[in-house]
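This report refers to the structure that appears directly beneath it.
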Amino acid sequence: MSATPRNLLPLLVLPAVAVNLFTFLWPMLNLAGLSFREGLPGGGIGAAFSLATWGDLLADEFYLEILLRSVGMALGITGLALLASYPIAFFVHRADARWRNLLVVACISPLLISAVVRTYGWLVILGDAGFLPVILRGLGFAPPRLVFNMTGVVIGLVEILMPYMILSLLAGFGRLNQTLEEAAASLGAPPLVVFWRIVLPLTLPGILLGCLLVFVLTVSSFITPKLLGGGRVLLLATEIYDQAIVTLNWPLAAALSLIALGVFGAALLVYGRISRAAERSIA
Amino acid sequence: MDLTRRHLGRVAVGGLLAAPFIRPASAQERSITLAAYSGIFQDNYHAAVVEPFMKAHPGIKVSYYAMPNSAQTLGTLRAQKAAPQIDVAIFDVTIGKAASDEGLLDPLTKEEFPVLAELAPAAFAPGVHAVGVTFDSLSLLYSPEVVKPAPTSWKVLWEKPYQGKIAITGAPDIVGIGLTLVINRLNGGTDYRQFDAGIKALSDLSPGVLSWEPKPDAYTFITNGTAALGVGWNARGQLYARQSGGKLAAALPEEGSLFQINTIGLVKGAPQSEAAKAYIRYALSAEAQKAFSERMFYAPVNTRADVSAEALAATAASPERMAKMLQVDWLEVAKIRDRMNDQWRRRILSRG
């Protein structure tokens, strides 16, 4: 029994492939099959093959609306999370080595608390009698409603997803080298130009990774939108939850899940394209 | 080392020899699994019905499998269709219909269940193998500290001082569905299948609703002061009202409300069918119905249940209240539910 490393490789990959086939592909195919059945009133599932679920879904503008809202909101939240996280990540990266680990832990410590608990925290802070509206009122402003609408969902999700963004950014900051910035500055580049021409391109891999992660997590999040949205923010993930758990229209939930999967696929594709283009431009 | 191994060997041999004797002994105690709601329902149902049943039937052990809602119970029954682990399930009547249609339940016959003759007619629905086990109704929830005087009408929801302080679980939840039907009649709707008047009135209410998705529920929103008014189930409302120390109260509005029916069903192919049947007989008996009504204010389905006047007053079961209830066939509602959800999303949830 002598196996060269070359023909041993497929054998080594086999267990992982088998596990993936069983735990990922098989349920996915099941889901796809389910979407070609019809949901009956009261939660029943028709036995026969049917295009009714897909037909109703594609004909109904409402689902296009929630798809666009989900993607739009996810892009907005990704952008805001990036803006909020980049300076923090940069500071942590440049911090003295003695403090860096402590700062990293501080940044990701919110992950130790469940997102549900943090969401309830936001209810307390943003609610009518919460401290933010109370402070605003004390300063003489009439605060707009900050929770039980889209505003609340955006605030909550940005905070909840920031640790992922910070971690991704830190992971992608490896190429950043202070000597390059000093060289640029010594050649007369003002700080903004240094940032735009040197820092930003070098940190692009981290930015792209963080954006991908936050985007995907936003599209798939439903607990925070449910708690902070007041039932008014209808998204792909909340709709899947409602159809699967409340109205029991499993075929429709399956079809919507496949659409969500399509969104993730598209996001991965875009990520791949941009990161390859970025690699080329740096090289 | 050797000693331990020998020891182990002896234990193993002993166990093998004893095995035939252990089996029949454990088979004498039969164990059934009951799937029903979690939380406050579980606490009270277990104490009022499950425990007395086990005391009366020492050979049967009931494991309470807590479910967050009816839909998940149905999902679990579906998943276990080939090899059921659950013997008895309690869920909403519309879910009972879906489960019956999918062949997940066995019918309950008058021959095997003489107790069925004692039940109110509303406990039975055509095509549903499960039968009614509790009646509940929609109630107005309010904070007695804020809402003065105590409200007697659904119309209080539209009153100016309470705008922005209302918590209601909207459609697709059944509270939102039921409320639409009640409000529809309030606004001149004569047939609940034509619910446009209800949608329109709730659409006007929407900007004043703080949350259509109060989590964990509307009762908590009012108890902790986030909201002042809400809509919820009477039984839970009455119970929380007695526990909240004046933070929450439940009112049965004078215009009437509508009933929600929980049904109890025998799972097809249940592992312990006979014990399960004994349990269902007990759950529907006057004794169990009385105990649960007095403990948690669900109106009894068994007409012979001699429920105390005080508990009965907290339910919608008194004759004058019964007369005002909106008569709804939930199986008909299941058919219009999709259409109603669409209207909710387009005209109610998207407002405000």
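Of the residues screened, A:E182 is one that is part of a helix (DSSP H, G or I), more than 14 Å from chain B (Cβ to nearest Cβ), modelled with pLDDT under 90 and farther than 24 Å from A:A81 by Cβ. Of all residues in the range B:305-320, those satisfying the criterion of being modelled with pLDDT under 90 and buried (at least 19 other Cβ atoms within 10 Å of the Cβ) are B:A316, B:A317. When residues in the range A:32-54 are screened for being part of a helix (DSSP H, G or I) and within 14 Å of chain B (Cβ to nearest Cβ), 6 of them pass. Taking the numbered list (1) more than 14 Å from chain A (Cβ to nearest Cβ); (2) farther than 30 Å from A:Q243 by Cβ in turn, B:Y162 passes all entries but (1). Taking every residue in the range B:49-78 that is within 14 Å of another protein chain (Cβ to nearest Cβ) and pairing it with any residue that is assigned to a helix (DSSP H, G or I) and surrounded by fewer than 19 Cβ atoms within 10 Å (Cβ to Cβ), at least 6 positions away or on another chain, the pairs with Cβ-Cβ distances below 6 Å are B:A71/A:I245.
Residues satisfying the criterion are absent from the range B:130-138 (criterion: more than 21 Å from B:I40 (Cβ to Cβ) and assigned to a helix (DSSP H, G or I)).
When each of A:I198, A:I240 is tested for being over 14 Å from the mean Cα position of the chain (by Cα), within 14 Å of another protein chain (Cβ to nearest Cβ) and not in a loop (DSSP other than H, G, I, E, B), the lone residue that passes is A:I240. Residues of the range A:201-230 that are within 11 Å of chain B (Cβ to nearest Cβ), of a type outside the set (S, T, Y) and in contact (Cβ under 8 Å) with a residue 60 or more places away in the chain: A:I223, A:P225, A:L227, A:L228, A:G229, A:G230. Taking the range B:302-352 as the region of interest, the helices (runs of 4 or more DSSP H) fully inside it that hold 1 or more residues being of a type in the set (A, V, I, L, M, F, W, C) and away from chain A (no Cβ under 14 Å) are B:309-313, B:319-324.
Does the range A:127-138 hold any residues that are within 15 Å of B:L210 (Cβ to Cβ) and either away from chain B (no Cβ under 12 Å) or surrounded by 15 or more Cβ atoms within 10 Å (Cβ to Cβ) (or both), and which are they? The answer is A:G127, A:D128, A:G130, A:P133. Report yes if B:E287 is touching a residue at least 24 places away in the same chain (Cβ under 8 Å), assigned to a helix (DSSP H, G or I) and assigned by TED's automatic domain parsing to the domain that holds B:L105, otherwise no. Answer is yes for this residue. The C-beta contact set for the range A:26-50 (first residue closer than 26 Å to B:K335 by Cβ, second residue in a helix (DSSP H, G or I) and of a type in the set (D, E, K, R), distance under 6 angstrom, 6+ apart or interchain) comprises A:P41/B:K335; A:G42/B:K97; A:G44/B:D101.
Residue count for the range B:198-216 under the criterion of being within 20 Å of B:S257 (Cβ to Cβ), within 12 Å of another protein chain (Cβ to nearest Cβ) and touching a Ser or Thr at 6+ places or on another chain (Cβ under 8 Å): the result is 2. Evaluating A:V117 against the criteria (1) buried (at least 18 other Cβ atoms within 10 Å of the Cβ); (2) farther than 30 Å from B:R339 by Cβ; (3) within 14 Å of chain B (Cβ to nearest Cβ) leaves one unmet condition, (1).
Is it the case, given these coordinates, that A:A189 is more than 14 Å from every other protein chain (Cβ to nearest Cβ) and in a helix (DSSP H, G or I)? Criteria not met by A:A189.
When A:F148, A:F141, A:F215 are checked against the criterion of being part of a helix (DSSP H, G or I) and either loosely packed, with under 15 Cβ neighbours inside 10 Å or at pLDDT 90 or above (or both), A:F215 stands alone in meeting it.
Residue-wise test of (1) among the basic types (K, R); (2) assigned by TED's automatic domain parsing to the domain that holds B:M296.
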position: B:V115; (1), (2): no, yes
position: B:E118; (1), (2): no, yes
position: B:A123; (1), (2): no, yes
position: B:P126; (1), (2): no, yes
position: B:V131; (1), (2): no, yes
position: B:P149; (1), (2): no, no
position: B:K155; (1), (2): yes, no
position: B:E159; (1), (2): no, no
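For the condition of a type in the set (V, I, T) and away from every other protein chain (no Cβ under 14 Å), what is the one hit in B:V146, B:V93, B:V133, B:V128?
Of B:V146, B:V93, B:V133, B:V128, the one residue that is of a type in the set (V, I, T) and away from every other protein chain (no Cβ under 14 Å) is B:V133.
Of all residues in the range A:62-78, none satisfies being surrounded by 15 or more Cβ atoms within 10 Å (Cβ to Cβ), away from chain B (no Cβ under 14 Å) and over 30 Å from A:V153 (Cβ atoms).
Residues that are within 11 Å of chain B (Cβ to nearest Cβ), without any contact (Cβ under 8 Å) to a residue 24 or more places away in the chain and in a helix (DSSP H, G or I) do not occur anywhere in the range A:79-94. Within the span defined as the range B:176-183, one or more residues are more than 17 Å from B:E255 (Cα to Cα), of a type outside the set (S, T, Y) and either within 10 Å of chain A (Cβ to nearest Cβ) or in contact (Cβ under 8 Å) with a residue 24 or more places away in the chain (or both). Filter the range A:146-167 down to the residues that are out of contact with any Leu (no Cβ under 9 Å at 6 or more places or on another chain) and either of a type in the set (V, I, T) or over 27 Å from A:S109 (Cα atoms) (or both) and list them by number. Of everything in the range A:146-167, just one residue is out of contact with any Leu (no Cβ under 9 Å at 6 or more places or on another chain) and either of a type in the set (V, I, T) or over 27 Å from A:S109 (Cα atoms) (or both), namely A:I166.
The values are calculated or read from the model by the stated rules, or taken from the named source; none is laboratory data. All of these numbers come straight from a predicted model, not from anything done at the bench. Neighbour counts are summed over all protein chains in view; Cβ atoms, including those assigned to glycine, are modelled from backbone coordinates with ideal geometry.
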